[in-house]
Amino acid sequence: MATTRFYIPNLGLGETALPDDQDHHARHVLRMRDGETVIAFNGRGFWATGRLVIGRRESRFITAGPLRQDLPPRVRVTVASATPKADRAMQMVEQLSQIGVQRLVWLNTEFAVVHPDKEGGKMAKFRRAAAESAKQCGRNFVMEIDGPVALVDLLSQAGADTNDFLWGQPTAEKSIFEWLIKTADLKAAVDGHISTDGGKPASYAPTVLIGPEGGWSDTETRLLSADHRVHAVRLTSTVLRMETAAVVAAAIISCAAGN
């Protein structure tokens, strides 16, 4: 069975050139041979088995059959977090991708120390790390990475697809798991119910809110407390680092959803 995977965003039927980074990985890291069977995916759920052609200047992927499509999960998790320092941010990206988080949004909070440029090199590295993580863990969807965005904008721009905001607080009365198992929208999505909106399968799309190590400002706390969609939940009895809190919350939701 083919296990080597390559990320090709413009994957199509027939023959497609590997992106430069994937070509380098095939030639110089994996030292693959011409004609080997591999899997290619486009990061949006489509994938195919085929063979690798190692040319003089570039490598190409040739499909051995039709493109297959993975359906998006019925429970789609977004993590909105202040940005950790240095390597901790990259670890957070890789681990959330492995768990199956759909989207990571960096927040510009008042007490945050790190503020990545929306179009800068750090964001490009984060997105490459998400793609590599999906490639390695067997996921055919690449986690989206957006931001930075202010908390007020995140809340105001949230569409109808966002069901709840889960605000991690060590002193909250209910744990995140206790809260989730009583959530009707989550249960409907897990049980495969059909929604009343056009007969589509029910889905649940929570957003986990992770503040900076310096905490939320008074203004941000008032904003969160006043929004009826925001629910304070306890992750653990201890105070967690940002990247740990994000991974713990995402893993608990994944377990509750049966992903």
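Summary table below
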| read-out | value |
| --- | --- |
| Matching residues in the stretch 208-246 - criterion: being open to solvent by 60 Å² or more (accessible area, probe 1.4 Å), in a helix (DSSP H, G or I) and acidic (Asp, Glu) | Asp218 |
| Where Lys135 falls short, out of the listed (1) closer than 27 Å to Ala17 by Cβ; (2) open to solvent by 20 Å² or more (accessible area, probe 1.4 Å); (3) basic (Lys, Arg) | (2) |
| Complete set of residues in the stretch 148-182 that are under 23 Å from Gly120 (Cβ atoms) and open to solvent by 10 Å² or more (accessible area, probe 1.4 Å) | Pro148, Val149, Ala150, Val152, Asp153, Leu154, Gln157 |
| Residue that is farthest from Asp117 (Cα to Cα), among those in the stretch 46-89 that are among the polar types (S, T, N, Q) and open to solvent by 30 Å² or more (accessible area, probe 1.4 Å) | Thr49 |
| Search result, residues across the stretch 29-45 that are in contact (Cβ under 8 Å) with a residue 40 or more places away in the chain and open to solvent by 70 Å² or more (accessible area, probe 1.4 Å) | Arg44 |
| Pairs, first under 19 Å from Ser237 (Cα atoms) in the stretch 166-188, second aliphatic (A, V, I, L, M) and exposed (fewer than 12 other Cβ atoms within 10 Å of the Cβ), C-beta under 6 Å, six or more apart | Pro170/Val239 |
| Extreme residue, farthest from Pro84 (Cα to Cα), among residues of the stretch 101-138 that are out of contact with any Ser or Thr (no Cβ under 7 Å at 6 or more places or on another chain) and small (Gly, Ala, Ser) | Gly138 |
| Selection from the stretch 1-28 of residues that are open to solvent by 50 Å² or more (accessible area, probe 1.4 Å), farther than 16 Å from Glu58 by Cβ and not hydroxyl-bearing (Ser, Thr, Tyr) | Met1, Leu13 |
| All positions within the stretch 84-113 that are among the basic types (Lys, Arg), over 8 Å from the mean Cα position of the chain (by Cα) and within 29 Å of Ala257 (Cα to Cα) | Arg88 |
| Complete set of residues in the stretch 72-102 that are free of Cβ contacts under 8 Å to residues at least 40 places away in the same chain and at positive phi | Ala86 |
| The stretch 247-259: number of residues that are touching a Gly at 6+ places or on another chain (Cβ under 8 Å) and open to solvent by 40 Å² or more (accessible area, probe 1.4 Å) | 1 |
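The values are calculated or read from the model by the stated rules, or taken from the named source; none is laboratory data. From a predicted model like this one, the values you see are computed outputs, not experimental measurements. Cβ atoms come from the backbone with ideal geometry, glycine included; neighbour counts cover every protein chain shown. When the accessible area is computed, the model is the full protein with side chains, heavy atoms only, and any ligands, DNA or RNA have been set aside. Shrake-Rupley method; radii C 1.70, N 1.55, O 1.52, S 1.80 Å.
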